[in-house]
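To start, the structure itself, in structure tokens.
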Amino acid sequence: MSSDVPAAGDLDLGLLSPVTAGHEGPITDAAVLAALVTAEVALIEAYGAVGGLDHAPDRAALLDQARGLRTASTEMPASPDLDRGSAPENAASPENAALVRALALAAVAGGNPVIPLVTQLRRIAGPLAKPWVHRGATSQDILDTALMIVAKDAAGHVLAGLDATADALERFAREHRDEVAAARTLTQHAVPTTTGLRATNWLRGIRRARGRLAGARDSLPAQLGGAGGTLASFVEILGPDRAASLPGAFADATGLAAPDAPWHTSRWPVTELGDALVQALDALGVLAADVATLSRTEIGELAESSGGGSSAMPHKQNPARSVLIRSAAIRAPHLGAALHTAAALAVDERPDGAWHAEWPTLRELLRLALGAAAHAADLAGGLHADSSAIARNLASTRGLVVSERLSIVLGPILGAERVADIVRSAALGGDLALLVHSALNDANTALPTGLDELLDPAAYTGLAARLVDGDLGDPPHVEVVDPTAPVSHDVPGPYDPFDDGSRLPPPRPRGFDPFADHFSSGEEDT
């Protein structure tokens, strides 16, 4: 970004990084500029949809001229200060940074790029469409709508990346469904788990985030409120009934959701989208962090399909995609917080600076999500598990990975203190199987399932396989009574101070009883 372009009016509102490079297409400055023009054209189309153009001399020609602005705007002069009948030979297109830079410079005077853009559109509009360009709207109507158009398109690309990642992880989880590995808690080996369950946990987080992002995308609304959010200008132009229908028609023309009211200072569309993007990046960050950790040389359980190398250290295979995804995940929450800060400071009927702070923040968050989702799809699609390294690490504690199971099974037989002695001795280098065998001999008892089964990590993975399959069955039914529901006739009525209670039936249980056994058969003990 050139230092002579004031940031307050700059359209280029985010610098590219390796995380976002190559994936910023839906939110480039060209895309934003095209969305601004789309919003202006959609407003004219909305006027036509509600009958606002019925008295025009040639309604069809007017709409054709309006729609032609999408093409004509690519031939606007690079400098908004130029007032010539035709563009020079090197006329800028939306893809040309010169036009963007010129609009950004001109935007400083009014605080946003819509003002100089409207001036240019009116210069190139046909005579029928020209009076209807930006008619009744305020700059925030157009810019908010354009950002929602861009955000919806970008969110669709992010969702595609999440879907590809989820599909790859599901295949990986099923392939490694029963591969036993050491679970780690607080960085240390804990109990056995499976590689498949680890991948399933990543998958669940990504699917949850995917659903939330899809909901946020589909609810992104158009913005149309006029200068003070009252739609007064549109009432003056169309009358109250047609003016009330205009925001919905505008939304239809832009492909966005119809707003229930102007949201100039009610910024939930931005914050809810931001929160969904942050949640998606959180989920991808967990995947990337685990892969980066498990691909360490001394662990070696996972590897990316093609790591980043080093000319000076040829033995390295850096988890490059995981690194880039983690970079995005680390930055995302702070961008989300900035959106909430701007929303909280969106005062009066139109914000003074808080609104402007959203533009670079939202675009950078979208950039990060686009890049991270694309990298995650590549990462998951080529993820490799090293079974020998997984088995080696599982055995590194010499069987103590099942020490929790020993406490549960042997505690009632040998006593908790004796089991603790066995575990301590094994941790100091003793043979766990021999220690357990000797203790059982001393107690003159045997295990019903055998010692080998007790010490086998594969026999202590709980419901891991069913969790991978998503098959836990139906939860037990617990009736929760609504205390506000109407009471049936067979239930006692209000308290009677003259009744000793002898004629009343037992009180009906209400609500959830935390001390009741909701899992028993219902038969009383005899």
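The values are calculated or read from the model by the stated rules, or taken from the named source; none is laboratory data. Because the structure is a prediction, the values reported are computed rather than measured. Virtual Cβ from ideal backbone geometry, glycine too; neighbours counted across all protein chains shown. Side chains included, ligands, DNA and RNA excluded: accessible areas come from the protein's heavy atoms. Shrake-Rupley method; radii C 1.70, N 1.55, O 1.52, S 1.80 Å.
Take the range 371-416 with all the other protein chains still there, run a 1.4 Å probe, and you get 41 Å² of accessible area per residue. Computed with a 1.4 Å probe over protein heavy atoms only, the accessible surface of the range 102-186 comes to 36 Å² per residue. Note on I330 and R122: the extension gain reaches 70.5 nm, defined as 0.36 nm multiplied by sequence separation minus the Cα-Cα distance. Under the shape rule built on the C-alpha gyration tensor, where the axes satisfy a ≥ b ≥ c, the range 139-193 is oblate, since a/c reaches at least 1.5 while a/b does not exceed b/c. For the range 22-64, which whole-number percentage of the solvent-accessible area (1.4 Å probe, protein heavy atoms only) is attributable to carbon and sulfur atoms? Using a 1.4 Å probe with all protein chains present, the range 22-64 comes out at 53 percent carbon and sulfur. Which far-off residues, 5 or more places away or on another chain, put their amide H under 5 Å from the one on L302, with H placed in the peptide plane? Distant-sequence amide H within range of L302: S295, D386.
Across the range 203-219, rounded Karplus estimates of 3J(HN,Hα) from the backbone phi angles (6.51 cos²θ - 1.76 cosθ + 1.60, θ = phi - 60°) give 4, 5, x, 5, 5, 4, 5, 4, x, 5, 5, 4, x, 5, 4, 5, 9 Hz, Gly and Pro being marked x. If R0 is 30 Å, the Cβ-Cβ spacing of D163 and L400 corresponds to a FRET efficiency of close to 0.15. Legend: calculated FRET efficiency, R392 to R208, from the Cβ-Cβ distance at R0 = 45 Å, rounded to 0.05, equals 0.85. Rolling a 1.4 Å probe over the heavy atoms of the protein chains gives the range 216-274 an accessible area of 40 Å² per residue.
In what order, largest first, do L105, L33, L238, L345 sit by accessible area if the probe radius is 1.4 Å?
Greatest to least solvent exposure: L345, L105, L238, L33.
In this label model, L451 and I408 are separated by 2.2 nm, measuring between points 7 Å along each Cα→Cβ vector. Solvent-accessible surface (1.4 Å probe) assigned to L467 amounts to roughly 50 Å².
Residues of the range 241-284 falling in the label zone of A344, defined by backbone nitrogen less than 19 Å from a point 7 Å along Cα to beta-carbon, are 265-276, 278-279. Computed with a 1.4 Å probe on the full set of protein chains, the accessible area for Y460 sits at about 50 Å².
Rounded to whole numbers, the Karplus 3J(HN,Hα) couplings from phi for the range 108-118 are 4, 4, x, x, 7, x, 5, 4, x, 5, 4 Hz, using 6.51 cos²θ - 1.76 cosθ + 1.60 with θ = phi - 60°, and x at Gly and Pro. Against the criterion of solvent-accessible heavy-atom surface with a 1.4 angstrom probe, W132, W268, W355 sort, most first, into W268, W132, W355.
Our coupling estimate for the range 128-142, obtained by passing each phi through the Karplus curve with A = 6.51, B = -1.76, C = 1.60 and θ = phi - 60°, is 6, 7, 3, x, 9, 5, 6, 5, x, 8, 10, 4, 5, 4, 6 Hz, Gly and Pro reported as x. Rounded, prolate or oblate, given the Cα gyration tensor of the range 245-285, with a/c below 1.5 counting as rounded? It comes out oblate by the Cα gyration axes.
In the assembled protein chains, K130 presents an accessible area of approximately 100 Å² (probe radius 1.4 Å). Here's how it looks for N318: its modeled amide H is under 5 Å from those of G308, G309, which are all 5 or more places away or on a different chain. Less than 5 angstrom separates the built amide H of A181 from those of T193, T194, T195, all sequence-distant by 5 or more or on a different chain. Between D421 and I299, the modelled label-to-label distance comes to 3.7 nm, taking each label 7 Å out from Cα in the direction of the beta carbon.
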